[in-house]
1. Quick one: compute the contact order of the range 48-164, relative version, from alpha carbon pairs under 8 angstrom and 6+ residues apart, as a percent.
2. Quick query: amide H of HIS518 versus all other amide H atoms, modeled in the peptide plane; which residues come in under 5 Å with a sequence gap of 5 or more or a different chain?
3. For the range 281-437, compute Rh as the Kirkwood radius over C-alpha pairs and then the Stokes-Einstein diffusion coefficient at 37 °C and 0.692 mPa s; write the answer in µm²/s, rounded to an integer.
4. Which of the lysines could be linked to LYS381 by a straight reach, that is with a Cα gap under 28 Å, when you skip same-chain ones fewer than 8 residues away?
5. What are the residues whose amide H is under 5 Å from the amide H of LYS339, where those residues sit 5 or more places off or on another chain and H is modelled from the backbone?
6. What percentages, rounded to whole numbers, describe P(r) for the range 368-446 computed over all alpha carbon pairs with 10 Å bin width beginning at zero?
7. Give me the net charge of ARG452's neighbourhood, meaning all other residues with Cβ under 13 Å from the Cβ of ARG452; Lys, Arg count +1, Asp, Glu -1.
8. Count charges around PHE217 for me, please; just the other residues with Cβ under 12 Å from its Cβ, Lys/Arg as +1, Asp/Glu as -1.
Amino acid sequence: MEKLLLITPPFVQPNTPYPATAYLKGYLARQGFAVEQADLSIELLNRIFSRDFLRQVFDAYPACRAKSSQIDDNLDRIHALAPHYLDTVECVMRFLRNSDNTLATLMVGGDFLPQGSRFETVGDLDYFFGTLGTTDCARMLCTLYLQDLSDLIRAVITPHFEIVRYGEQLSLSIPSFNLLEQELSQPRNPIEEELIRLLEDKITAYTPTFIGFALPFPGNLLSALRCAQYIRERHPEIRTIFGGGYPTTELRQMSDPGIFRYVDYIVLDDGELPLERILQGESLIHTYTAEGYHAGESRITHAQRGCPDFSGLPHDLYFSLSEVPNPMHRLWSDGRWNKMMIAHGCYWARCAFCDTSLEYIARYESVPARQFVDWMEQVMKQTGSRGFHFVDEAAPPKLLKEISLEILRRGLKVSWWTNIRFESSYTGDLAQLMSAAGCIAVSGGLETASDRLLGLMNKGVTIEQATLAMRSFRDAGIMVHTYLMYGFPTETLQESIDSLEVVRQMFRAELIDSAFWHRYAMTIHSPSGREPERFGVRMTNPSSHSFANNEIFFSEKRGYDIDRVGESLREALSNYLFGNGLNRPVHKWFSGKEIKPTTVEDTLITDQLIKPDSARLFNEKARLVWIGVRPSLTERGIMLYSHSGRKALSFSEPEAEFLMETLSRSADLDRTVTLGEIKELYARYSEEPFLVFYHAKKWDILREYGLLQI
């Protein structure tokens, strides 16, 4: 019987398992295949940041230093502090793995951790200490500590090393495989030697006949190739498979067969069925081999893919980092999150900058909320973690509502965050429901923050819609991160300035907790890349590379320095994240003679915020849900309770009985209670119009204590 070992190669985020191998293992194991998985990324990082490996780095530094004509005072300082690094690295790693949090107070004391140049960015430690607390402050200092060591490792061992990627620049839209093969012809460096030792340990333990490597990012390709090279040389009987986001987006038009000197199969798109065919020895689908591409049309549904299986991964080795004090920004690298997909694909799938022609975006499928929450419970048992990151391209609001109701119905105590679109469906009451079900944060694309450009890119939202959705999340205590974009085709300098003004106003109104500004990249799988002329630009690299193809380079009559604009936008944003510069005119962040003030009204965002929440408008078809504490009848009305207090409301006896019946029905989450049904119920208790009661202040108080209209 064939045996498959699935591997996550170095490097990905170290705080939690990347979910690709878990989904593949879950599906294939249910089909009866022998499947194991390993995360060489996290295992190698733990080997690198250890006393034994760092001693090799420090010992090699003098020889490396002698070959260089440039003096690096920082690296000299780090080397001089070598004994202190060797004495503390194991403590730092235990702390970051949450194995010994008692070290936090010692670490923020100032003298425990050796400090290189990265610590110069900290500034006033008392500010961070007061903002973060002792443990989080210590985690941030330990992150700087590892970054200092990473600077030394890049200088001594290989420039390809970063904690979350390896050799990424070699793999970004690389035109020919020969460029990678030149690197593979070099002797393995100490990091790669350590990687191969880990790989050999897995081969010995599992004796696989196939090894599959999940390559989500360009920064995984070189390390996976090093592994495949070793397997081909030492274990030629084992066949190797590459798959994941990188080959799916970059290698679809590959004509250079050179990579097959190292690997046997390259799978595109979803890997479940292609792997099943390979293991069964049947006709291939969605798979490259040395003979060419094998297409095929078979698919499985999201329900058939099923629950991921995280068993067998080294959950005690994952460690959290914290590069910035911003609590929203830190979620990607801080915390042990179970990564899961609510649905396959994107329910919108129309944005001009997105890879909408590829299956991972274009084919949208979901499962019922009850089935998905069943999967959540299974994953909690596998990992011991109640934290979830739903990694959908954009989680559908209707399904988030049903999932939230199901979590509350079961009484689960979980914490989760997800990607969304800032659309009008996210009312204040829906956000409150999500918060009650454990939602702590959302991230979504505001992109250019310009209604003209949002329309051009077919984003499907406006600044008004985004503002109201953000207000809903803010009022529910849910943190908001937004992705921002500059350099979209036809964007003028004035529009860049105006976009920054919109972002400034949103930060000022406390609608955004964190954000990230990136430069637009045109890809061959996006509507803008497939028809660049429609967006006013001309492609400058029309011919395909023989190996990797993704980004399209284009020219347009821009009339301003886009790199300088990007620097200005990022500088302003870095200040906004700390609450600084929010009263500074946005055009002053830009340099140049032709910089004009913004044309955006200073009250653009505040004018939106005074608009009513659609959840506060009467709608007979709307569902009522009571998520509060069960109230009690009093002589004068009812008593409402919260976790921190109570409030008495005076009602006539019939009105009080009506409310008790209404809240009792609405508390039954297995039952759908509409506002129209409650309107009819009210007629049994009172001759007054229900709308008078609905618009009264006391109804609003009921909302504050848990009566939601969704």
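FYI, it's all coordinate maths here, none of it is from the lab. Computed from a predicted structure; not experimentally measured. Positions of Cβ are generated from backbone atoms using ideal geometry, with glycine treated the same way; all protein chains shown enter the neighbour counts.
1. Numbers: 93 pairs, mean separation 36.5, N = 117.
Normalised by residue count, the contact order of the range 48-164 is 31 percent.
2. LEU484, MET485, TYR486
3. Values: Rh = 17.8 Å.
Using the Kirkwood radius from Cα pairs, D works out to 184 µm²/s.
4. Within the straight-line limit of under 28 Å, LYS381 reaches these lysines: LYS3, LYS25, LYS202, LYS339, LYS398, LYS401, LYS413.
5. Correct list: HIS389.
6. All Cα pairs considered, the percentages come to 19, 57, 23, 2.
7. Working: positive: LYS459; negative: GLU447, ASP451, GLU491, GLU495, ASP498.
With Lys, Arg at +1 and Asp, Glu at -1, the neighbours total -4.
8. Numbers: positive: ARG165; negative: GLU162, GLU168, GLU250.
Here the count lands on -2.
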